[in-house]
Every structure is written in structure tokens, then in C-alpha cells.
Amino acid sequence: MPMQTQAPSESFLDIRSAVKALCDDYPSSYWQEKDRERAYPSEFVSALTGAGFLGALIPEEYGGSGLGLDAACAIMEEIQAAGCNGAAAHAQMYVMNTLLRYGSEEQKARFLPAVASGELRLQAFSVSEPTSGTDTLSLRTFARRDGDHYVVDGQKIWTSRAEHSDLMILLARTQPRDQAPSKTAGLSLFLVDMREAVGNGMTIKPIRTMMNHSTTEVFFDGLCIPANALIGEEGQGFRYILSGMNAERILIGAECIGDAKWFIARASAYAKERQVFSRPIGQNQGVQFPIARAYAQMRAAELMVYHAAGRYMDGGNVGEEANMAKMLASEASWAAADMCVQTFGGFGFAEEYDVERKFREARLYTVAPISTNLILSYLAEHVLGLPRSY
């Protein structure tokens, strides 16, 4: 990868400016209302789609913008830095990557243009299960081949945006684990048309969480899906999702950088204006040092995120870079969130300042889509050569 010659924030300036302009139409009051009602920001997602931002990674031949992952990172970063919540839409950035890389020509031609135009939403990525968590190889949801169909039975959890998506990418076992030729074989990916599935073997149950994240449990009870819903080869699904997971981690890392920038900017402005004992609180080193430290931590993580995006576009295995980018960025974001609440003091807990909302949203990413501990285990084993710990 060529050496970085400009700060990541100086790249894609036209795109960043356009995203910021769009986000200006969705002020704090909009997000506070959605958070209060636990409502999905459909208007915001539609605007992002209409502007072409959610189709950034879809090739032009399918109606998208054909941009690289670094441009997608810039889009998601700016959404968060503007105080908006890109989690309502970010799956459409990386989920389609799995379809693009491994789907059939018929699947891509049929669905990608509709996703790019906004006619269809591909927002649901259904992998985790209550009994397995991030131990993906232990999942139990089973898709049994029956003639020209598969019959799916099982349960998924933390399938976010399932109620607001038309299509779902589902990972299910198609071969019993004890019969699979290897521990990573026997899992398959499917593109499920949820418009036909809900009420016909698929049930969605919302889960209320600490933040407004539109996440759900999904139950499969004899769901019949056509055989052509299979993505790629049967039994190779685990391998297919890995590249999508790397893209997901890098994009979420970019979101975390945007959140950190929002917290730092908000805390800096408040520390200049807030007067206590006849002086701005930002004049005190006890206030200014944590802000400065959060800024330094964010800038370091920012470099890792965009380095990972560049390596991803170069091809090959970027598990190391993607995991480090997500871990460092989520930790920088959470450190900035904590600092911002501390800077605001009691006002940091008041809804009108948005700090408490963003604080809750930022906390998620040290846990999801993969926890910091599992990233450290990955680095220890696969990068440093230490014995496997789990």
C-alpha cells in the first residue's frame, strides 16, 4: 500500500461535504425523538439511499457508485461525526459485499440494482444464536435440502434491522457438524426474501436494548426457501462471511472515529464556554488534558482504520488489520465518550445535549460485532503465534 500522504480526514472532501449537508437536515431533535420512541429512522435511511451513499460499494454496472472501502469509511465516519446514527443503515454497506463476491450472476443482477436504488433494503445479517454467540461454528440453525427447496429450522439473535429489511443473508448449517469434512465446513449462506418469509415460517421478535438499535430475535419454523437462495457453494458459508466480517469491522471502526470526533468537538466547545469560578473550565488542565488525550487516541486509531481499508482493497487476508482497527477505534470512541460526559458534568446526562444518547451508542462497539477479548485472542494466536486459548 502506498505511504499515506494526507490525513484521512482530508480525503474524499466532496463526499464528506455532501454527507454533512445531508446530515444537517436531521438535527438533534430528530434523533432524540427516534431514541425516545425507539423508532427506526426511515426518513434518514431513505435520504442516504437516495443520495447514493448506501450504494457506494455496489459496482456501477449494478447501479451503485463503485467506490472503495476507504470512501465508504469516509461516509460512515461523517455520519457519526455529525451526531447521527449510521447503525440504522451500515449493514447495507458490508452485507452486499458477500452477495457481490460470492453470489450468482442471476442473484447479483436481480437484487443489487434494487438495493442500490432503494427499492429493496438488504439490512439484515443473521449469524449469531443464543447458545453459540461468537462461536459461529457451533450454530444450530439447520437448512435441510428438500427437492428444489431448503427447509430452515432454528433461532437467531441480535439480527439487527430485521423488521426494516426486505432481504436477509442467513448463515445456517446444511451438514451435521460431526459429518462435516472439516470444522469450518458444513455451513451455508442464503439470501432470504423476507417479504415472503415473515409469517410463513419466519417470526421476528424485537429486543429492547440500552440504545435504539432495532435489534431482534428471529425464529425459523419450517421456513421453505428456494434452492436458488443459496449463495455460492453449499457448505462454504463460513469462509464466505469472513471477508464480509472484515469489511464490517473496518466500517464500524470508521463509525467509531466519527463518534470520537463528535465527542471531542462537543467537549472542546463546552469547555471553552462553560464558566465556573469566573473562568472557562477548559482553562484547567484537569479538564483539557483528558480532551487532548482523547484526541491523540482518536488520531492514532484513525490511521489504523484507513490503513486497514487500504489493505482490504488490495485484497488478501486482512484479519489482523481489520480486527486492530475495530478494537482501537472502539476504545478511542469509548474513551472520548467517557471524557465528554465528565467534561459536561451533570449536563452530560440531560437528553437535550445528546451526550447521553451518543454515550450509550458508543458503548456497543467494544462488544459488537466482536468483543475486544476475542480480538486480543485472535491477535495472540494468529499474529503472535501463541497457543490457542479457546
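Loop-located chymotrypsin sites (Phe, Trp or Tyr not before Pro) in the range 85-138 (DSSP state other than H, G, I, E, B) with a sparse environment of at most 16 neighbouring Cβ atoms within 10 Å are absent.
In this simple spin-label approximation, C224 and Q285 carry label points 7 Å from Cα along the Cα→Cβ vector, and these lie 7.4 nm apart.
Taking a quarter of the surface of the Cα convex hull of the range 326-366 gives a mean projected area of 2.4 nm². The alpha carbons of the range 1-58 occupy a box of 46, 24, 19 Å along the principal axes, longest dimension given first. Over the range 106-249, all Cα pairs binned in 5 Å intervals from 0 give whole-percent P(r) values of 2, 10, 19, 24, 22, 15, 6, 2, 0, listed from short to long. Counted residue by residue at 0.36 nm each, then reduced by the alpha carbon distance between them, the extension gain from N317 to R38 reaches 96.7 nm. Eigen-decomposition of the gyration tensor built on the alpha-carbon atoms of the range 229-275 gives equivalent ellipsoid semi-axes of 44, 7, 5 angstrom, largest listed first. Pairs from the table (K326/K358; K20/K261; K156/K358; K272/K358; K261/K326) lying more than 23 angstrom apart at Cα are K156/K358. Here is the size of the chain from its Cα atoms: Rg then Dmax, 21.3, 79 Å. Per residue, the average separation of C-alpha pairs within less than 8 Å and at least 6 apart gives the chain a relative contact order of 15 percent. For the range 228-361, build the charge dipole from Cβ charges (+1 Lys, Arg; -1 Asp, Glu) around the Cα centre, then report which of A329, G258, A292 sits farthest towards its positive end. Going by the Cα projections, it comes out as A292. Our Cα-only numbers for the range 209-324 put the radius of gyration and Dmax at 21.9, 72 Å. Using R0 = 51 Å, the C-beta based FRET efficiency linking N373 and S17 works out to 0.85. Kirkwood radius and radius of gyration were both taken over the C-alpha atoms of the range 75-116, and their ratio Rg/Rh is 1.12. Relative intensity of the range 289-367 on a log10 scale, I(q)/I(0) at q = 0.21 Å⁻¹, equals -0.90, per a Debye sum over C-alpha point scatterers of equal strength in the absence of solvent. Just so you know, the averaged projected area of the alpha carbon convex hull for the range 150-218 sits at 5.5 nm². Note on the chain: with a GNM built from Cα contacts shorter than 10 Å, the maximum mean-square fluctuation among Y40, Y30, Y295 falls on Y30. D by Stokes-Einstein for the range 11-139, Kirkwood Rh over Cα pairs, 37 °C, 0.692 mPa s: 209 µm²/s. The mean sequence distance of close C-alpha pairs (under 8 Å, at least 6 residues apart), as a share of the length of the range 283-390, puts its relative contact order at 22 percent. Our analysis of the range 32-80 gives Rg over Rh at 1.09, with the two radii drawn from alpha carbon positions and Rh computed by the Kirkwood formula.
On the principal axes of its alpha-carbon atoms, the range 74-180 has extents of 49, 33, 23 Å, going from largest to smallest.
Bear in mind these aren't lab numbers, they're just calculated from the coordinates by the rules spelled out. None of the values given here were measured: they were computed from a predicted structure. Please note: Cβ atoms are built from the backbone with ideal geometry, for glycine as well, and neighbour counts cover all protein chains shown.
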